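Each remark here refers to the structure printed beneath this line.
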Amino acid sequence: MGKEAFPDTHHSHSENTYLGFWIYLMTDLIMFATFFAVYGVVRNNTFGGPSAKDILDLSYGLVETLVLSTSSFVCALGLRAALTNQKQKMISLFGLTFLLGITFLTMVGFELTHIVQSGYSWEMSAFLSSYFTLMGTHAAHIVIGLIFMAVFVAQVGFWGLTDVTKKRMTTLSMFWFFSYIVWIFMYTIVYLIGAQ
Amino acid sequence: MNEIFGRLTIDAFKHDLIEASVGVSILIAGAVMTFLLTYYKRWTWLWKEWITTVDHKKIAIMYLIVSAAMLFKGVVDAGMMRAQQVLSVGDSFGYLGTEHYQQLFTAHGVAMIFFVAMGFVAAFINYFIPLQIGARDVAFPFVNALSFWFFVAGGMLLITSLMIGNYSGVGWVAYPPLSGIEYSPGVGVDYWIWSIQVSSVGTLLTGINFLVTILKMRCPGMSLMKMPMFVWSVVVTLILIIFAFPILTATTGMLTLDRVMEMHFFTSGFGGSPMMYVNLIWAWGHPEVYILILPIFGIFSEIVPIFSQKKLFGYVSMVVALIAIAFLAFVVWLHHFFTMGAGPNVNTFFGLMTMLISVPTGVKIFNWLFTMFRGKILFTTPMLWFLSFVFLFTIGGVSGVLMSVAPIDFQVHNSLFLVAHFHNVIIGGVVFGIFAGFTYWFPKMFGFKLEEKYGAFAVFFWVFGFLFAFIPLYILGLMGATRRLDHYEASTGWWPLFAVAAFGFVIISIGIGFQCLQLYVSYKNRKKNRDKTGDPWNGRTLEWSTSSPPPFYNFAHTPEVHDIDPFWVMKEKGLKEAKGNYEKIHMPKNTPHGFFIGVLSFLFGFAIVWYMWWLAIVSLIGIFVSLIVRFSDRDTEWYVPVEQIEQIESKRGK
Amino acid sequence: MSKQLKITFLLLFLFMLVTVGLIFAYSGDIAVLSPKGMIAEKQKQLLLIAVSLMLIVVIPVFALTFGIAWKYRANNQKAKYHPKWGDSLLAEAIWWGIPFIIIIILGVFTYKSCHELDPFKPLVSDKKPVRIQVVALQWKWLFIYPDYDIATVNYIQFPEQVPINFEITADAPMNSFWIPDLGGQVYAMAGMRSKLHLIADKEGQFRGASSNISGKGFAGMFFYADATSQEGFQSWVDSVKRSSPSLDLEEYDSLVLPSEYVPPSYYRLEDDGLFDQIMNKYMAPMSKG
């Protein structure tokens, strides 16, 4: 029995979607890896300005990490609810995921604003350019994740938990976990190692 | 700076006579097409059949058309440059201003690599991968259409730069600090960044799409080691794309941040490192050139067995060689800047890795030659392109291995010797391979055969044209002539060689003339030369088992295979495709969102180039809206009824 | 078809013959093939060795291509036809193995020459080297002789058979410093100090240029270099010191402004730390308060 080129009710199409999305996430990882490699090269190029130690608050970063971890955990619970056809539970859990994501974003916003207001902006050195770019690119991923979270959860609300909407909640969750893992790299490389 | 128009002023539309006439010709061509479409009432047809299509075969045809147009532009660029370098000696400064000349070689490189080579390769991948693996479509048809429209949007940004503002003049890889905001404050480098960024999104999506297609949608019985060599070469290419293109996205992204937000990744001061850019851009750039050539190797592996009437020699070895080349492609990037002073140990390592690539490449050439050995060779046009490729690509490979020895490279880096080398391998390899693939697969795509004899003349003039155009450049490089010069002193003694090179361009143009003539005459004789059987060459792979062109669903019955060269085996065993007993076929519906997102990404790129921030935000939001609307559409597929399949299949062979 | 193929192959062979012949005949005009200094001489020998090694593979490839294409053309009834034969372990071993061995040999040459011809490596000589500091500007070359207190633009002179130690930087986009008659090039980058060590075997005039595009005036980034006798060099230095304007920071600031196709000019050097000062423009400022 051949695998049809274009079914949507057969799970083989979901398999294709998951594989394709995985590969996309790997390309995103390589893009982040490039930014991290650049950070590794320029992290001490402060041009007489502040270094990581001067601008980073490790405890604040830890709280950000905990917020995003919780968001990821709740997302996993939400996905489990979706795959076990518990629509209401899923919606509530993703609502919480969303709120925690917003909280994370707000904390990042405050952090970056504070740094700029202290007089240290990305125009001052390669180190600061790299730091702001890493944080900004990651934040952009969170924003995009939140947008699609809203859209896909709304679709579940309107259409219920079908094969298609479950597939979308799964790929969304993959994206959300991925963004969380990138943040772990961020915290480790930029905050923990960088601010030594 | 204006709130609405950013830094776009009326000055952007002012150009010198030559540039203006180019812009005017483009506008006239557009106007003529618009008129014809209106007069023949074909707007609906264009929208329904082409712009909103998700059929991989039609998308392939569109790639062909765009790439051919870009090839024309790239060739004209080349002719203009050759003319300038013949005229601009001593007291004369030629007919082109320096800035125009610098934009020419930059745009020539970008157009040829991103929009011609990659476009033609994308066309063949699009048309023939699903057919060769016995699939009815790609894994993600909408994403496939989206890839094409990103490609077009990137190309349109390049073309727009000819008319509004100007293009970059800092070379096709745009090294900082020259490409930074301090030394290039204008719009040129920004156009360069965004034409590449936008089209590269398309390339990356193609990489993901076709990798999933090949891994998941092969017909029953087609294990990996039974796939056609073209499919193998594409698998390896897609892996290269997936690993390399994100680096380009990040790097040009950082260059944009430097230019637009005054960041300091690659500036000379403030802790920036131009050397870091050089490393990053070539970490992408070297895999890129293998992305160009590996599918070509796959095409030749299809062509040589057919026209030797013999199976491919050393299938396993060929696969291993592809994988070896792909792996090595990632560990050689520093050979693009041996002269940047990395030290002898680093230079030695990268030199050794570079030289090693010649081993698996040579294996492929020997395997093709021994496919011909004890075969019965037919000197059709595709085969002539292949033989010319062996001759020219070998010379180019020699010059490449020469340059992989760093101390030799110190004497030829960035000279015309380098320019001759890469044109040698790109023209002798990629371009000849594209022509071979095009003439080989033409009957399948268009339903009629090409008139052979014009093809032979085209090959002849291209080969000799190449030799006259580029062998002098090898010598010029050894004489100390660098690349990218719009003028030189008469005392250098370079002029006679530039004159020979210009003559070579004329010869190549005659070759192109024969190709155009071949298309014209073949089209006129299309009824006489119709491919009625779908198998004009006695083919070995599954695409030849379909009609020419194939029905939109590719296969009425999904094939089941047991061997390499499955169609050949079927013919040997006298098996025919079962008629009747059809089941309804699941197909995707057309969608306008690929086109919409393409237009919006063009606007996004244009907006950032001209600092029109409101437009950037609006077009970005528009892209999200279009995607969300697309995701909210639940009516995206349909079933082809059995009656329609029967009707189409009954017309085969008539 | 076959007669046209024959003619084509013949023409190709003639073309190759003529090309190689012309290269030999005119090699005196081809800088990389007629070196005027020890470094360029070694690079040329390396080039010839590498080409010879590769011909071991290339000539058989060309012969096989022509031979096989010819013998196994479809209408040749005398040739064997084995359509199902496609494997031979022995053949594979030969063309995986022999090119690999050749590459190993070339690799050994590469390792040795990369170390021997490292541009940063000083030349061994009993003569005291002449130090020339090179600054790539837009769009001319500034040459500083810190030990002789002179500076020049777009022209250098040095004694024959004496090592020249170049230190190279830029106050401009990336350039590349290259005198093909004497040896290979090295990049000129702002804030960095590249090095190049060359020597001229005899008196003569050599052309130098930048090979990396640096903007609008790039085509004007060439200069001439004269190798003269020791006495000739010394009297040239003296005459420059006697009669030229001085190059101080103020004069340098106007020199740095973009200009194209600048004719050779000469200066007395006020401050022999000028090169370091130029480099430091791109370094981090001293610690703030």
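Of the peptides C:209-216, B:592-599, the order by per-residue mean of other Cβ atoms within 10 Å, starting with the highest, comes out as C:209-216, B:592-599. Helix A:163-186 axis versus longest C-alpha principal axis of chain A: approximately 20°, rounded to the nearest ten.
Only residues of segment C:150-165 count here: report those whose backbone N is under 15 Å from the spot 7 Å along Cα→Cβ of residue C:195, or say none. Of the residues in segment C:150-165, C:163-165 have backbone N under 15 Å from the label point off residue C:195. With a 10 Å cut-off around each Cβ of B:91-101, the average count of Cβ atoms from other chains is 1. Where in segment A:154-189 does the label zone of residue A:102 land, with the point 7 angstrom along Cα→C-beta and an amide N cut-off under 20 Å? Residues A:154-158, A:173, A:176-177, A:180 fall inside that zone.
Inter-label distance, residue A:184 to residue B:17: 6.7 nm, where each label sits 7 Å from its Cα along the C-beta direction.
Amide hydrogen proximity for residue C:188: with H placed 1.01 Å from N in the peptide plane, the residues at 5 or more positions away or on another chain lying under 5 Å are C:175, C:176, C:177.
Taking every residue in C:165-177 and counting other chain Cβ atoms within 10 Å of its Cβ, the average works out to 3. Where both bridge residues fall in the protein assembly as shown, DSSP classifies roughly 70% of the beta bridges as antiparallel. Considering every alpha-carbon pair of chain A, the percent of pairs per 10 Å bin, from zero through the bin containing the longest distance, is 9, 32, 30, 18, 9, 3, 0. Across segment C:207-219, computed HN-Hα scalar couplings (Karplus, 6.51 cos²θ - 1.76 cosθ + 1.60, θ = phi - 60°) run 9, x, 7, 8, 9, 10, 4, 10, x, 4, x, 3, 5 Hz from first to last residue, x flagging Gly and Pro. Counted residue by residue at 0.36 nm each, then reduced by the alpha carbon distance between them, the extension gain from residue B:44 to residue B:572 reaches 185.5 nm. The mean count of C-beta atoms from other chains within 10 Å of the C-beta of residues in A:24-36, rounded to a whole number, is 5.
The spacing between segment B:394-470 and segment C:221-281, judged by their C-alpha centroids, is 46 Å. With the helix formula -39500 (n - 2.57) applied to DSSP H stretches of n ≥ 4, chain A reaches a computed 222 nm mean residue ellipticity of -27500 deg cm²/dmol.
Rounded to the nearest 10 degrees, the inclination of helix C:2-25 to the longest alpha-carbon principal axis of chain C is 30 degrees. In chain B, the DSSP-assigned H stretches of four residues or longer account for a calculated mean residue ellipticity at 222 nm of -21500 deg cm²/dmol, using -39500 (n - 2.57) per stretch and the full residue count as denominator. Backbone amide hydrogens, once placed in the peptide plane, bring residue B:640 within less than 5 Å of B:585, B:586, B:587, excluding anything fewer than 5 places away on its chain.
Pairs spanning more than 19 Å between alpha-carbon atoms, out of B:579/B:651; A:87/B:589; B:444/B:527; B:453/B:528; B:453/C:6; B:453/B:532: A:87/B:589; B:453/B:532. With angles folded into 0 to 90 degrees, how steeply does helix B:188-216 sit against the dominant principal axis of chain B? Use alpha carbons for both and round to 10. With rounding to tens, the tilt is 30 degrees. Using R0 = 22 Å, the C-beta based FRET efficiency linking residue C:100 and residue C:52 works out to 0.80. So what's the gap between the Cα centers of segment B:249-279 and segment A:148-196, to the nearest angstrom? The two parts, judged by their Cα centres, are 30 Å apart. Segment B:1-73 to segment C:19-42: how many Å between their Cα centroids? Between the Cα centre of segment B:1-73 and that of segment C:19-42, the gap is 50 Å. Amide H to amide H distances under 5 Å link residue C:73 with B:377, where only residues 5 or more positions off or on other chains count and H is placed in the peptide plane. Legend: calculated FRET efficiency, residue A:62 to residue B:510, from the Cβ-Cβ distance at R0 = 60 Å, rounded to 0.05, equals 0.25. Ordering C:100-106, A:14-20 by mean Cβ neighbour count within 10 Å, with the highest value first, yields A:14-20, C:100-106. 3J(HN,Hα) along segment B:153-160, derived from phi through the Karplus expression 6.51 cos²θ - 1.76 cosθ + 1.60 where θ = phi - 60°, amounts to 4, x, x, 5, 5, 4, 5, 4 Hz, with x in place of Gly and Pro. Note on chain C: helix-only mean residue ellipticity at 222 nm, from DSSP H runs of 4+ residues weighted -39500 (n - 2.57) and normalised by residue number, equals -13500 deg cm²/dmol. The phi-based Karplus calculation (6.51 cos²θ - 1.76 cosθ + 1.60; θ = phi - 60°) puts the 3J(HN,Hα) values of segment C:41-51 at 4, 5, 5, 5, 4, 4, 4, 5, 4, 4, 4 Hz, whole numbers, x for Gly and Pro. Descending by average beta-carbon neighbour count within 10 Å, the peptides B:246-259, C:168-181, B:227-240, C:239-252 line up as C:168-181, B:227-240, B:246-259, C:239-252, the highest first. Indicate the gyration tensor shape class of the protein assembly as shown (rounded, prolate or oblate), computed on the Cα atoms with a ≥ b ≥ c the square roots of the eigenvalues: a/c under 1.5 is rounded; otherwise a/b larger than b/c is prolate and the rest oblate. Oblate is the answer for the protein assembly as shown, as a/c is 1.5 or above yet b/c matches or exceeds a/b.
Throughout, read-outs are computed from the coordinates displayed, never taken from laboratory work. This structure is a prediction, so every number in the text was calculated from the model and none was measured. Heads up, the Cβs are rebuilt from the backbone with ideal geometry, glycines too, and the neighbour counts pull from every protein chain shown.
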